[in-house]
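The values are calculated or read from the model by the stated rules, or taken from the named source; none is laboratory data. Quantities reported herein were computed from a predicted structural model and do not represent experimental measurements. Virtual Cβ from ideal backbone geometry, glycine too; neighbours counted across all protein chains shown.
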There are 2 protein chains.
Amino acid sequence: MATIRDVAEAASVSIATVSRVLNKKARVSEETARRVWTAAAELDYWPNEAARSLTTNQTHVIGVLLPDLHGEFFSEVIRGIDQAARESRYQILVSSSHADHDEVMTAAKSMQGRIDGLIFMASDNGLAESVDRIQGRMPLVLINPRRIVKGTASLRIGNFLGAREAVNHLLRLGHEDIAILKGPAGNIDAEERLRGYRHALAAADRDLGASREFQGDFLEPSGYRAAAEILGSRRRPTAVFACNDMMAIALISAFGGAGLKVPEDIAVVGFDDVAIARYIHPPLTTVRVEANQLGQRALRRLLAILSGGEAEGAVEEVLPATLVVRESCGASLAGYSTDYSRRKESPGSMPGGTARDSDPEARGD
Amino acid sequence: MATIRDVAEAASVSIATVSRVLNKKARVSEETARRVWTAAAELDYWPNEAARSLTTNQTHVIGVLLPDLHGEFFSEVIRGIDQAARESRYQILVSSSHADHDEVMTAAKSMQGRIDGLIFMASDNGLAESVDRIQGRMPLVLINPRRIVKGTASLRIGNFLGAREAVNHLLRLGHEDIAILKGPAGNIDAEERLRGYRHALAAADRDLGASREFQGDFLEPSGYRAAAEILGSRRRPTAVFACNDMMAIALISAFGGAGLKVPEDIAVVGFDDVAIARYIHPPLTTVRVEANQLGQRALRRLLAILSGGEAEGAVEEVLPATLVVRESCGASLAGYSTDYSRRKESPGSMPGGTARDSDPEARGD
DNA sequence: AAGTTCCTTGTAAACGGTTACATAATCTGG
DNA sequence: CCAGATTATGTAACCGTTTACAAGGAACTT
């Protein structure tokens, strides 16, 4: 509770001098410096950072706006952000579970003046306007935005390519009737994965139409519901591509409960490669997303902008989503060599290297 | 970038008036209010919260200091905190992965002036001093502290009782040679769980000594290492109690890889009840810890203190850790009814109700 | 010894808000 | 119609820092 004035008084110097020695910003005589240090220690003085940032106009804090903290994906992203922040001695101000534009705006507003920049994950519909209103007011990095915004840095996951690859893999294994368990409507990840699924099928002349598309919402219960639907359908698909791992895991559990064997009776592949994907039975074939990397890069990107390094029309960066083949797809049954799975698990590029193949990932094609 | 002065000018009123209408704190004529609102909207004025909190002396931000963000436990705690914070329109300033006293202090210092209170998880050794230095400076709630601090609110998990119950369960199933896979040294959760294990064995006159205590560190790889050690030991235990689920899962995976069947050949029980515990094969018997609840309660507790509601010598609150019986312990084999597991899964008290049974949970006995 | 320069320190003006107090204008009632 | 109460608004101090500028003194130059 001691202020800089108290310290100044105790050391019998002016507050300016105290500020100078504490910040080591200007030359001060050995003697006075010592006096100030001991006075500060004596009083257990901690500078008020709010006052500080008011004058310096920088906070060493980064704001993070997330739609939800639930699930491993988000917690990994935030962990990545925090890790990278720590390295640069930044802290993060978090606000999550924002469903609509108004909520996002109030959250953003209450960050005004306390952050140096913002990482905003705007994957859901209706948040485009929020981006517009925030953009220009503070340095901004978008994660998985719905559409790219001119002059705003953004990072996203290679959802389309990842999903396409997963479905192609299923096709190569001989599956002809592949269902999809979709993610929530309006979510960009879900949409992109669906697009990848459709694209793969269309390219193989195996278009199955909407009858093979089941609705889910990324949460476990929807996986169970979908399993019931799938089992109840007239012709049971031989494989299902779930748009995330939690739903895939629920599917496997539900199928098992119904007496079906995975992958013999029905193959399942997921998306995300959550930590436990390899421990369930059978180990889950899925598409790995480097959520932690995503967070780290987002923060570094923001820091680059802050230090003036990053140019204006900052391009979009896409992190590859790579297929990791385990057993739930039946690849081992089909006699695929581990070699194949290996090739997929460690791509030639650096782990976490980015793909800028804007071509195939281009949206809305 | 517009300041209150710009708005005042645009509305041709004084800054005091602007402040008044924006905060609805005093009577202002309809007419001027309107002028101010439109000027503010026109200029897209966002108040600078740092300046605000400098005068009002409150921030609507809660600091959170965690040792590490890794693992489901931590992310659940933080999610709980965030959820509860949202309800009360608070935001959280997070800083994690603090190993030692100095790091904690710098983190805490850089929060000074930007938070109304602090939630501090100081489970590791060497953080006791940090608590002392922070205590008194700002409202504080401790999560899983090493020792209770006079006049400081704290919450913790019923580690001892939970562990004892788990081991007792194994004993009741007829196991006589029960090993433990310990958590990292110096971690209070790990120590308490170990204490519960020893207590249960001692009470059953089955003290096995240190030969049955294997060292782990809560991370998967240590589970694999321990599995190798256990398999290599002269007499293989018939059951092992792992101090957390990730290690338990690794154990099961490793045992499976070595051709052992769980629970027939060796039983395993974990601690935490992470989301996937029920999806692995066999489903994991474990001790449920309501990490999310822990976070929520910590925040509510802090808010209570802030609003002056909470009395001085704030007591310690302990959240029960309850055994949930699934299959990895072999209870089903042994013919235990689901009834038994049921009884354990939903205790009589409210879900998340707290136990203040200071008696058996008392430390250092 | 006087004029420069350099070093150390203090004074005071910001930063962007809130709020106690003062003041001007309007209303009330006898 | 005027004293007093009430209402609306402005003035200025303050929150706790940083920092441009000024100033005093010591050291150096010639």
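What to note about this one:
- Selection from segment B:26-53 of residues that are touching a residue at least 12 places away in the same chain (Cβ under 8 Å), facing another protein chain (nearest Cβ under 10 Å) and outside any loop (DSSP other than H, G, I, E, B): B:Ala50, B:Ser53
- The numbered conditions (1) assigned to a helix (DSSP H, G or I); (2) within 11 Å of chain A (Cβ to nearest Cβ); (3) surrounded by 19 or more Cβ atoms within 10 Å (Cβ to Cβ); (4) touching a residue at least 12 places away in the same chain (Cβ under 8 Å) are all true for B:Val21 except (2).
- Failed condition for B:Gln91, given (1) farther than 16 Å from A:Arg89 by Cα; (2) more than 8 Å from every other protein chain (Cβ to nearest Cβ); (3) buried (at least 22 other Cβ atoms within 10 Å of the Cβ): (2)
- Here segment A:60-80 is the region considered, the condition is being aliphatic (A, V, I, L, M) and facing chain B (nearest Cβ under 8 Å), and the residue that is surrounded by the fewest Cβ atoms within 10 Å (Cβ to Cβ) is A:Leu69.
- When the residues of segment A:113-130 are filtered to those that are surrounded by fewer than 21 Cβ atoms within 10 Å (Cβ to Cβ) and free of Cβ contacts under 8 Å to residues at least 60 places away in the same chain, the one that is nearest to the other protein chains (Cβ to nearest Cβ) is A:Glu129.
- The one condition from (1) away from chain B (no Cβ under 11 Å); (2) assigned to a loop (DSSP other than H, G, I, E, B); (3) of a type in the set (A, V, I, L, M, F, W, C) that A:Ala163 does not meet is (2).
- Taking segment B:4-18 as the range and being crowded, with 16+ Cβ neighbours inside 10 Å, near DNA strand C (Cβ under 9 Å from one of its atoms) and part of a loop (DSSP other than H, G, I, E, B) as the test, no residue passes.
- Of B:Leu118, B:Leu170, all but one fail to be part of a helix (DSSP H, G or I) and either at pLDDT 95 or above or outside the structural domain of B:Ala304 (by TED's automatic domain parsing) (or both); the exception is B:Leu170.
- Among the conditions (1) at the interface with another protein chain (Cβ under 10 Å from one of its Cβ atoms); (2) under 16 Å from the mean Cα position of the chain (by Cα); (3) surrounded by 21 or more Cβ atoms within 10 Å (Cβ to Cβ), the only one that A:Gln83 does not satisfy is (3).
- Test result for B:Ala33, surrounded by 14 or more Cβ atoms within 10 Å (Cβ to Cβ), near DNA strand C (Cβ under 10 Å from one of its atoms) and not β-branched (Val, Ile, Thr): no
Residue-by-condition table, conditions (1) more than 19 Å from A:Gly330 (Cα to Cα); (2) touching a Pro at 6+ places or on another chain (Cβ under 9 Å); (3) of a type in the set (S, T, N, Q):
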| site | (1), (2), (3) |
| --- | --- |
| A:Arg195 | yes, no, no |
| A:Arg198 | yes, no, no |
| A:Gly209 | yes, no, no |
| A:Gln215 | yes, yes, yes |
| A:Phe255 | no, no, no |
| A:Gly259 | no, no, no |
| A:Glu264 | no, no, no |
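- Residue check for B:Ser96: crowded, with 17+ Cβ neighbours inside 10 Å, away from DNA strand C (no atom under 16 Å from the Cβ) and either more than 30 Å from A:Ser97 (Cα to Cα) or facing chain A (nearest Cβ under 8 Å) (or both): yes
- Residue check, A:Ala248 aliphatic (A, V, I, L, M) and either over 18 Å from A:Leu284 (Cα atoms) or in a loop (DSSP other than H, G, I, E, B) (or both): no
- Among the residues of segment B:195-213, not a single one is closer than 29 Å to B:Ala254 by Cα, at pLDDT 95 or above and touching a Cys at 6+ places or on another chain (Cβ under 8 Å).
- Scope segment B:263-284; condition part of a strand (DSSP E or B) and either out of contact with any strand residue (DSSP E or B) (no Cβ under 6 Å at 6 or more places or on another chain) or closer than 19 Å to A:Ala277 by Cα (or both); matching residues: B:Asp272, B:Ile280
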